[in-house]
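> Have a look at this one before I ask anything.
Just so it is clear, none of the values below were taken in a lab; they were calculated from the coordinates. Since the model is a prediction, treat every value here as computed from it, not as a measurement. Ideal geometry is used to build each Cβ from the backbone, glycine not excepted, and the neighbour counts take in all protein chains shown.
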Amino acid sequence: MSDSLSDEQLKCIFDTSRCPDCKGTLLAGPEGGGMINILCRDCHQEFNVDRGFGLYGHRNGPCSEDRRRMFGSVLVFTHPEPPVSPVARRGVFGLLNCVLRGGL
Ligand SMILES: [Zn+2]
């Protein structure tokens with residue numbers, strides 16, 4: 001039986017690369033079909049998530065000690081297009097204002 005992860009839990013995993021349960025460190029495990037198994041190093045919960053889009057994931061449940069050997073490096077999800085921060089956005093509008101004023 002598997003348990004679908006909520007949007008909030010997925011956000012925690014993909015945005016912060018942290019365990020949605022305890023905010024622990026995630027380790028990368030076996031992957032296939034665009035999905036990757038991830039293990040929390042701290043509470044040993046295992047999850048299976050869609051690594052390409054970060055839209056779907058479910059909980060595999062507690063990971064046995066034997067199975068934990070299949071997980072290795074610390075997992076950090078990267079975001080090719082990070083959201084523009086409010087400060088950067090203000091910068092763009094500020095620049096736009098200057099250009100318009102200069103044209104008058
Ligand atoms: Zn955890």
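> Label-point separation (nm) for S6 and C22, each offset 7 Å from Cα along Cα-to-Cβ?
Output for this residue pair reads 2.0 nm.
> Using the basic label-point model (7 angstrom from Cα toward the beta carbon), what is the S64 to E31 distance in nanometres?
With each label placed 7 Å out from Cα toward Cβ, I get 2.6 nm.
> Still on this structure, please answer the following. Give me the one-decimal nm value for the distance between modelled label points at S73 and Y56, 7 Å along each residue's Cα-to-Cβ direction.
Rounded to a tenth, the inter-label distance reads 2.6 nm.
> Which value results when the Cα radius of gyration for segment 19-80 is divided by 2.2 N^0.38 Å?
In units of the globular-protein estimate, segment 19-80 measures up at 1.03.
> For each of R41, R59, count neighbouring Cβ atoms within 10 Å of the residue's Cβ, then give the residues from fewest to most. Don't skip to the end; give the middle numbers.
Numbers: R41 15, R59 18.
By the 10 Å Cβ count, ascending, the order reads R41, R59.
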